[in-house]
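The next block holds one structure in the form of structure tokens; read it before the comments.
The values are calculated or read from the model by the stated rules, or taken from the named source; none is laboratory data. Here the structure is a predicted model, which is why all the values come from computation and not from measurement. Cβ coordinates were reconstructed from backbone atoms using ideal geometry, including for glycine residues, and neighbour counts include every protein chain displayed. These accessible areas exclude ligands, DNA and RNA; they are computed on the full protein's heavy atoms, side chains included. Shrake-Rupley method; radii C 1.70, N 1.55, O 1.52, S 1.80 Å.
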Amino acid sequence: MNDKSDSAVTHWLQKRADVWRRHEALLERQRGRKDMHSDEVLEFAHGYRSLSRDLSLARNALPNSNITRYLESLLLQSYDVIHRKPYSLLSQAKYLLQYEVPRAMRDLRGPILASTSIFILSCIIGWLLVFNYPELASLFASPAMISQVQEGSLWTDDILNIFPSSVVSLQILTNNIAVTFFAFGLGAFYGLGTLYIMGLNGLMLGGVFAFTHHYNMADRLFEFVIAHGVVELSVIVLAGAAGIKLGEALVRPGQRTRREAFQQAAALAGKLVAVGAPLLVGAGIIEGYISPNPDYDLTTRMVVGFGYGIFMLLLLSGRLFPGRKHAEQASL
Amino acid sequence: MAETITITSAGGVEVERELAGLGGRSLGYIYDWHIRVLISLAWFYLGILIITGSLDVENAFNVKEFSELTYWSIAVPLLALNILYHPVLEIVMNGRTPGKRMAGIRIVSKDGTTASAGAILLRNVFRLIDSLPAAYGIGIIVVLRSKQHLRIGDMAAGTVLIYEDKADRKRLDMVTQSDNDSGITATQRELVAELLGRWKELSRDKRQQFAKNLLEKCAQPVPAATQADELDMVLKQALENLLK
């Protein structure tokens, strides 16, 4: 670089530096999410464009310099602010429940059917296994549970004598959310992990019912399960459907690369898990406060169980929130 | 050659950012792990001290009756801290955590913008899978085998980890702000700033040689000193004066 062009660059830098400092100050204001005047917003957008030009010039005049690195960084941060989606967790949650979850439910009809079938089938197999070979109950129930049933009481009878309802609820909902996440996430292994979780849970449910039936206590187990089980099992089946969708995307990605197919499937199916996990909080509370409490009769339990189930269906179908049709038409 | 992502801004100007590999990721995680463990331990012992009046841990948990107070005030907050640390902080800090910030890395979406809350939650759901069977075994294997150094959670959420290069005002000020009229050009200021930035990394002989050459080139007096240490100091001072 000769002296003349060198001094031209120096002059240019001195002239532009204040513009960049001003732009940086506006960027800070954006970050603090402070209200900006419309003039400032326009100034910021204009500054962003001129920053691109300045970076091109700086790269030519001062390649790999501090100034170039500074401008690159400033440009990227401005790019981020300009392209960032409107930030409101509340409106995002509303949009999720109004449009995205109902759409995901429709798109995942096949996997939901598959997941439900696998779960029911493994329940039946579990039942048949233990019904015909009662000694196999030890596969699905701990020795303590087995001896308790043999003595004529269910292991659920004295839960509240050991822990208070609040503790039972928290432990159960944490465990169920973990199962849900595993049923979904293990779909990343070509769906095999999901099949394992769904199959195992189905076998256990069927097996344990057959075992209690053997001692004439299946009706009492049903009474315990019904209040929380409707939603709890539904959510696990939905998470299984989400995992099956992941596996399907990997097994037959179609025109897309496996990673693209996997990502699209995860984004779609993840929405069911995003709604399912909070529903398990409600199911956990019911399981801690209502299910083990002998004061509630079967009718109350069924009303709670199916009532919460209907709430879940309304939530998943988007019927709890108005304005659905209008937005769907707009999006077409 | 390190893997990069290219972000195209207004006017088609492209900026590249280096992707963080296993090293950067692990460093960030180790920092975060220590922060979580230190807070957890502090909370645990402080809770025991307040509830029982002593630091006798065995006694606090060896009571015959289950203590709901101990459970809700100690165990539950610790569980919440360890479960929510990553998802909540990554959302609130725009793809960073304290550990990631210290390691100089950040989660962004594939187009270089801040990752959405949904994407961050999704990558954290898959944290359970990446951490299998122990110590992030699956995650580490997948990161090593994937071209963009992604774990399963990142693949699902469409996110990448990049090395951050924050716009440092000092860099601009070093080159453009000038109170004295030393008469040196922008290119020369750049060189001076560069040399001062790398001062500690260079051997003493080399940096003194560079400093002398640079001062001569800038037509500045080259200070002299009999002691090597002293010469080092006065040369650095002379360079710093040029940027003041």
Exercise for review: Compute the label zone of A:GLN92 within the range B:80-114: residues whose backbone N is under 18 Å from the point 7 Å along Cα-to-Cβ.
Suggested key: B:84-98, B:106-114
Point to revise | Accessible area of chain A belonging to carbon and sulfur atoms, whole % at 1.4 Å probe | key: 62 percent
Review point. Put +1 on the Cβ of each Lys and Arg and -1 on the Cβ of each Asp and Glu in chain A; which of A:ASN66, A:VAL251, A:LEU173 then has its Cα farthest toward the positive end of the dipole?
Key: A:ASN66
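Over the whole of A:269-278, what's the average partner chain Cβ count within 10 Å per residue? Rounded to a whole number, please.
2
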Check your understanding: Using r as the Cβ-Cβ distance of A:LEU313 and A:ARG59, and R0 as 51 Å, what FRET efficiency do you calculate, to the nearest 0.05?
Key -> 0.30
Review point. Aspartates and glutamates near B:LYS206 by alpha-carbon distance under 18 Å, same-chain residues fewer than 8 away left out - which ones?
Key: B:GLU194, B:GLU216, B:ASP229, B:GLU230, B:ASP232, B:GLU240
Review point. Put a dot 7 Å past each Cα toward the Cβ at B:MET93 and B:THR226; how far apart are the dots in nm?
Key: 5.3 nm
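Viscosity 0.692 mPa s, temperature 37 °C: what is the translational diffusion coefficient of chain B from Stokes-Einstein with a Kirkwood Rh over Cα pairs, rounded to a whole number of µm²/s?
146 µm²/s
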Revision key, fill the gap. Interface A-B: total buried accessible area (1.4 Å probe, Å², nearest 100) of 4900 Å²
Study note, to complete from the structure: If unit charges are put on Cβ atoms (+1 for Lys and Arg, -1 for Asp and Glu) and the dipole of the protein assembly as shown is taken about its Cα centre, the option from B:THR185, B:ASN241, B:THR226 lying farthest towards the positive end turns out to be B:THR185
**Study point:** Average accessible area per residue (Å²) across the range A:90-318 - probe 1.4 Å, nucleic acids and ligands excluded
**Key:** 46 Å²
Point to revise | For the range A:165-286, the spread of Cα positions along each principal axis, largest first, Å | key: 54, 31, 17
Review point. Using 7 Å Cα-to-Cβ label points, what is the A:ASN132/B:ALA2 separation (nm, one decimal)?
Key: 6.2 nm
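Set the bar at 28 Å for Cα to Cα. Now go through A:LYS85/B:LYS170; B:LYS100/B:LYS244; B:LYS100/B:LYS236; A:LYS15/B:LYS110; B:LYS212/B:LYS244 and name every pair that lies beyond it.
Flagged as over cut-off: A:LYS85/B:LYS170; B:LYS100/B:LYS244; B:LYS100/B:LYS236; A:LYS15/B:LYS110.
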Revision key, fill the gap. With the label point 7 Å along the Cα-to-beta-carbon line of A:VAL303 and a cut-off under 17 Å to each amide N, the hits in the range A:210-226 are A:226
**Study point:** In range of the label at B:ILE51: residues from the range B:68-85 whose backbone nitrogen is under 15 Å from the point 7 Å along Cα→Cβ
**Key:** B:68-80
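Give me the Kirkwood hydrodynamic radius of the range A:90-318 in Å, from all C-alpha pairs, to one decimal place?
Numbers: mean 1/r = 0.0542 Å⁻¹.
Roughly 18.5 Å, rounded to one decimal.
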Review point. What percentage of the solvent-accessible surface of the range B:122-244, computed with a 1.4 Å probe over protein heavy atoms, is contributed by carbon and sulfur atoms?
Key: 53 percent
Exercise for review: Note the per residue figure in Å³ for the convex hull of the C-alpha positions in the range B:28-161.
Suggested key: 124 Å³
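Average partner chain C-beta neighbours within 10 Å, per residue of B:5-15?
6
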Revision key, fill the gap. When all Cα-Cα pair distances of the range A:10-83 are considered, the percent exceeding 19 Å is 30 percent
Exercise for review: Using every pair of alpha-carbon atoms in the protein assembly as shown, split the distances into 20 Å bins beginning at 0 and state the percent of pairs per bin, rounded to integers.
Suggested key: 16, 40, 28, 13, 3, 0
